[in-house]
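Participant: One structure, pasted below without further comment.
The values are calculated or read from the model by the stated rules, or taken from the named source; none is laboratory data. Note that the structure is a prediction, hence the values are computed from the model and not measured. Glycine gets a Cβ as well: all are built from the backbone with ideal geometry, and neighbour counts include every protein chain shown.
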Amino acid sequence: MATRPPIAPPLSSGVPTPGSFNPIMPSGDQVVVIYVLVAMAVIIFGFWNVPIVRNCINPLKLFTIGWHELCHIFAAILSGGRILKITIDPHIGGATIVEGGNPAFTLASGYIGSTLLGGLFVLAGWDTLVAKVMSFVLGIGLIMPLALVRDKLTIILTILYEALLVGFWFIDHGQALRWYCLFVGMMNVLFVVWDVADDRFFHKTNDSDATQFSILFPRIGPHIWAAFWILFEIGVLAAFVILGISAFKLTKEEMDAQAASFLPTRK
């Protein structure tokens, strides 16, 4: 009986087939989010450091600094310390004076906490439903620092930022919340950059945590600590970006339908 010769399998051309799927390859919409993320980092650096203009983001700075100091407070209490004094100010920065506890743990918790909360807000930039959930965290967080603030301009701006937060719920099915949360996320996840810039360029009253680390560990200079924590934050940011790309591969229509399951709003 005649038999056919064996047929070798086709060689791979290296070109992905229509059915192939790469979970970390961003879609067209996700590429836009990455570009916006980079642009926001540059914009925040300008707003945080340019005189007069920097006052425009005082409420968001208070939210960022307030959470950072809250992480110090939690760590100090958990390690057996006692809080002596708390300062939260958009101009001179934040400070938490602690007696006892574990100094290294208390100090490191600030940058770590800022980075992780920022990462969660960055995730909100990839999905409207996550942005809706995180908007409640932001709404409460904007109000809380006002207990320590008496500046009329900051109070007025806080009301404005709260109004924007509510208004964005009703713009394009809440899609605008994504960009608001992404902005806040970048402000928190790269807090080391703003903290060190304040210390270096404006010589703020309260030292950066990088400077505090060099006091706690004198053999390592503040610039080395700053570089270490900046690399840490960039690494965490990259991890959250990859997570956002892989976990939220939805079209705008799918995103709107998903977000509509949680406190739906009209367009």
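Participant: What about Val98, is it exposed (fewer than 15 other Cβ atoms within 10 Å of the Cβ) and farther than 17 Å from Phe191 by Cα?
Facilitator: No, not satisfied.
Participant: Within the stretch 76-91, identify whether any single residue is small (Gly, Ala, Ser) and crowded, with 18+ Cβ neighbours inside 10 Å, and answer yes or no.
Facilitator: Yes, that holds for at least one residue.
Participant: Can you pull out the residues in the stretch 102-140 that are small (Gly, Ala, Ser) and surrounded by fewer than 17 Cβ atoms within 10 Å (Cβ to Cβ)?
Facilitator: Correct list: Ala104, Gly139.
Participant: Just to be sure I understand the filter: pairs with C-beta atoms under 6 Å, separated by 6 or more residues or on different chains, first member in the stretch 31-54 and at pLDDT 90 or above, second member part of a helix (DSSP H, G or I). Which pairs pass?
Facilitator: Partner pairs satisfying both residue conditions: Met40/Phe183; Met40/Met186; Ala41/Met186; Ile44/Met186; Ile44/Met187.
Participant: Within the set of pairs 6+ apart or on separate chains, which have a first residue in the stretch 222-236 that is farther than 17 Å from Leu37 by Cα, a second that is of a type outside the set (Ser, Thr, Tyr), and C-beta atoms under 6 Å apart?
Facilitator: These pairs meet every condition: Pro222/Ala210; Trp225/Ala210; Trp225/Phe213; Ala226/Val196; Ala226/Ala210; Trp229/Val192.
Participant: Anything in the stretch 182-211 that is modelled with pLDDT under 90, polar (S, T, N, Q) and not in a loop (DSSP other than H, G, I, E, B)? List them, or say none.
Facilitator: If the condition is that a residue be modelled with pLDDT under 90, polar (S, T, N, Q) and not in a loop (DSSP other than H, G, I, E, B), then Thr211 is the only one that fits.
Participant: Determine the pairs where a residue that is under 12 Å from Thr211 (Cα atoms), located within the stretch 179-200, has a partner that is surrounded by fewer than 22 Cβ atoms within 10 Å (Cβ to Cβ) and among the aliphatic types (A, V, I, L, M) with Cβ atoms under 6 Å apart, the partner being 6 or more residues away or on another chain.
Facilitator: Val192/Ile230
Participant: Which residues, counting only those in the stretch 248-262, are outside any helix (DSSP H, G or I) and crowded, with 20+ Cβ neighbours inside 10 Å?
Facilitator: Phe248
Participant: Hey, among Ala176, Ala210, which residue is touching a helix residue (DSSP H, G or I) at 6+ places or on another chain (Cβ under 8 Å), under 22 Å from Ile34 (Cα atoms) and without any contact (Cβ under 8 Å) to a residue 24 or more places away in the chain?
Facilitator: When all the criteria are applied, what remains is Ala176.
Participant: With within 21 Å of the chain's Cα centre (by Cα), farther than 30 Å from Asn58 by Cβ and touching a residue at least 12 places away in the same chain (Cβ under 8 Å) as the only criterion, which of Leu250, Leu243 stands out?
Facilitator: Being within 21 Å of the chain's Cα centre (by Cα), farther than 30 Å from Asn58 by Cβ and touching a residue at least 12 places away in the same chain (Cβ under 8 Å) holds for just one of Leu250, Leu243, which is Leu243.
Participant: Quick check on the stretch 21-44. Is at least one of its residues out of contact with any helix residue (DSSP H, G or I) (no Cβ under 8 Å at 6 or more places or on another chain), over 15 Å from Val149 (Cβ atoms), in a loop (DSSP other than H, G, I, E, B) and aromatic (Phe, Trp, Tyr)?
Facilitator: yes
Participant: Now for a separate question. Ile245 - would you say it is surrounded by 15 or more Cβ atoms within 10 Å (Cβ to Cβ), over 14 Å from Ala124 (Cα atoms) and of a type in the set (A, V, I, L, M, F, W, C)?
Facilitator: So Ile245 fails the test.
Participant: Same structure, new question: Go over the candidates Gly81, Gly100, Gly139, Gly110 one by one and state the one that is within 30 Å of Gln175 (Cβ to Cβ) and small (Gly, Ala, Ser).
Facilitator: Gly139
Participant: Also: Considering only the stretch 45-54, state which residues are in a helix (DSSP H, G or I), within 15 Å of Asp195 (Cα to Cα) and hydrophobic (A, V, I, L, M, F, W, C).
Facilitator: The answer is Phe45, Phe47, Trp48.
Participant: Quick one: which helices (runs of 4 or more DSSP H) lie wholly within the stretch 55-173 and hold at least 3 residues that are among the hydroxyl-bearing types (Ser, Thr, Tyr) and within 19 Å of the chain's Cα centre (by Cα)?
Facilitator: 103-124
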